[in-house]
Amino acid sequence: MARVFGDLELGYLKEVLDSGKLGWYHEEGSMTTRLEEAFAQRVGVTRGIARNSAMTALAQAVSISGAGTGYEVLCDPIVHFGAVAALYFNAVPRFVDIKYDTYLMDPASVRANITDRTKALIVTNLWGMCAELDEIRAICDEHGIFMIEDCAHNMGSYWKGKHAGSYGDLGCFSFQQGKHIPTGDGCVMTTNREDLYEKLYNEWAFSGESPAFLTLNFRMNEMTAAVGLAQLQRLDGYLAEYSDNLRVMNEAISDCGWLKTREAPSDAVQSGYIWACLWEGDQHGLEYERFKEVSAELGVPLRFGFNQVPAYKFDIFKGSTAYGHPDCPVRCPFYESDYRYEDGLCPVAEDLMPRIINTGLIEVPPDEVKRRADLLWEAIKKTEMG
């Protein structure tokens, strides 16, 4: 369904304007507090913490994780946001491979990459599907690793009956315009740890004292929270349509032997966000470029390849250019390790990422999704004909 911004949002915004308090304030009845409490209840955790974006929330999560100069944060390579958050506090992103069928962090690769310098892990719950969060949680507990969930795509996503964002020490949900709940920009962090909740609020409440650790002010204002509270009440309608869109696209390729539907394990509840499949036409004597050409001719709005290469092949990591010189963080004198960003670190991701074919489902009307599905099936038939 199209985004709805109407009387509900206007009513909450008027409450804020009438209060005369537009900026963040942490009191019972404030719009920010109401959003935090409602969001925490929806996810099934004890606390929500409103932030100005999910990217800054990831960075703040790293800042209180114990990771920093000379220490490692385990990240998956298919998206770069967790690794950038690690860089923000001069920690070393160490990349963990993904599973071919789900595109999600592989617990076996997590175990293989743990070192005596591992302090934190950021798991990306990608495109409406959760990773194997219970197993990853168990690994983190076993090794004393701080677990952060990137849940930017994951309203309505569950693993073994628990919502995304309820397994990690902290979860980070995005309210950017293209996400399930749009406020323009914004985020709510989730946690069941009261100590983290108190730490995140009290260090940057600006009560007059300097903070006890290095972090920044990433608070959400009352106007944004007002829109978020209203959008949260519209979420079920959004999720129903986006998930139906996902089903329609999956059905379009169900009889195709060379486009592989993304696997949703039986323990997962996937929510509609971005639809994706994998090209395996090379195993059937078909040409990828031909399928791209046919799809373009028919006007199927598909994206071929996702980032094309894993994050560690981009120069901000491989060339260590984030700080303007080629030493930090992997060649930092405080990081005594021979770990480098080289080809072959995550072979599954390197093979998979160019094969990913995807299209968005957010704010795409059902009739347009049906049109795309029909055109995709036509493109499949034309490609098979040569």
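Set side by side, the residues GLY165, GLY186, GLY156 differ, and just one is modelled with pLDDT of 95 or more, closer than 30 Å to TRP275 by Cβ, touching a Cys at 6+ places or on another chain (Cβ under 7 Å) and not aromatic (Phe, Trp, Tyr), which is GLY165. Hey, can you tell me all the residues within the range 31-66 that are at pLDDT below 95 and farther than 25 Å from TYR158 by Cα? SER63, ILE64, GLY66, listed by residue number. Output yes when any residue across the range 27-43 is free of Cβ contacts under 8 Å to residues at least 12 places away in the same chain, assigned by TED's automatic domain parsing to the domain that holds ASP185 and among the hydrophobic types (A, V, I, L, M, F, W, C), and no when none is. No; the residues of the range 27-43 include none that is free of Cβ contacts under 8 Å to residues at least 12 places away in the same chain, assigned by TED's automatic domain parsing to the domain that holds ASP185 and among the hydrophobic types (A, V, I, L, M, F, W, C).
With the requirement that a residue be surrounded by 22 or more Cβ atoms within 10 Å (Cβ to Cβ) and either closer than 23 Å to GLY68 by Cα or of a type outside the set (Phe, Trp, Tyr) (or both), what does the range 142-162 give you?
Just the residues of the range 142-162 that are surrounded by 22 or more Cβ atoms within 10 Å (Cβ to Cβ), to begin with: 145, 147-155, 157, 159.
Across the range 142-162, the qualifying residues are ILE145, MET147, ILE148, GLU149, ASP150, CYS151, ALA152, HIS153, ASN154, MET155, SER157.
Filter the range 51-79 down to residues that are assigned to a helix (DSSP H, G or I) and of a type in the set (Val, Ile, Thr) and give me whichever is surrounded by the fewest Cβ atoms within 10 Å (Cβ to Cβ). Per the criteria, the residue is THR56. For residues that are free of Cβ contacts under 8 Å to residues at least 12 places away in the same chain and either in a loop (DSSP other than H, G, I, E, B) or within 30 Å of the chain's Cα centre (by Cα) (or both), scanning just the range 288-300, find the one that is surrounded by the most Cβ atoms within 10 Å (Cβ to Cβ). Per the stated criteria, the residue is ALA296. Of all residue pairs spaced 6 or more apart or on separate chains, those with beta-carbon atoms under 7 Å, a first member in the range 260-283 that is closer than 23 Å to HIS163 by Cα and a second member that is among the basic types (Lys, Arg) and part of a loop (DSSP other than H, G, I, E, B) are ASP267/LYS160; ALA276/ARG262.
One line per residue, one yes/no per condition, for (1) in contact with a helix residue (DSSP H, G or I) (Cβ under 6 Å, 6 or more places away or on another chain); (2) in the same structural domain as ASP374 (by TED's automatic domain parsing); (3) aromatic (Phe, Trp, Tyr):
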| site | (1), (2), (3) |
| --- | --- |
| SER254 | no, yes, no |
| LYS260 | no, yes, no |
| PRO265 | no, yes, no |
| GLU289 | no, yes, no |
| PHE314 | no, no, yes |
| GLU336 | no, no, no |
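Within the range 197-236, the residues that satisfy the criterion of being at pLDDT below 95 and part of a helix (DSSP H, G or I) are TYR197, GLU198, LYS199, LEU200, TYR201, ASN202, GLU203.
The values are calculated or read from the model by the stated rules, or taken from the named source; none is laboratory data. These figures come from a predicted structure and were not determined experimentally. Glycine also receives a Cβ, built like all others from the backbone with ideal geometry; neighbour counts cover every protein chain displayed.
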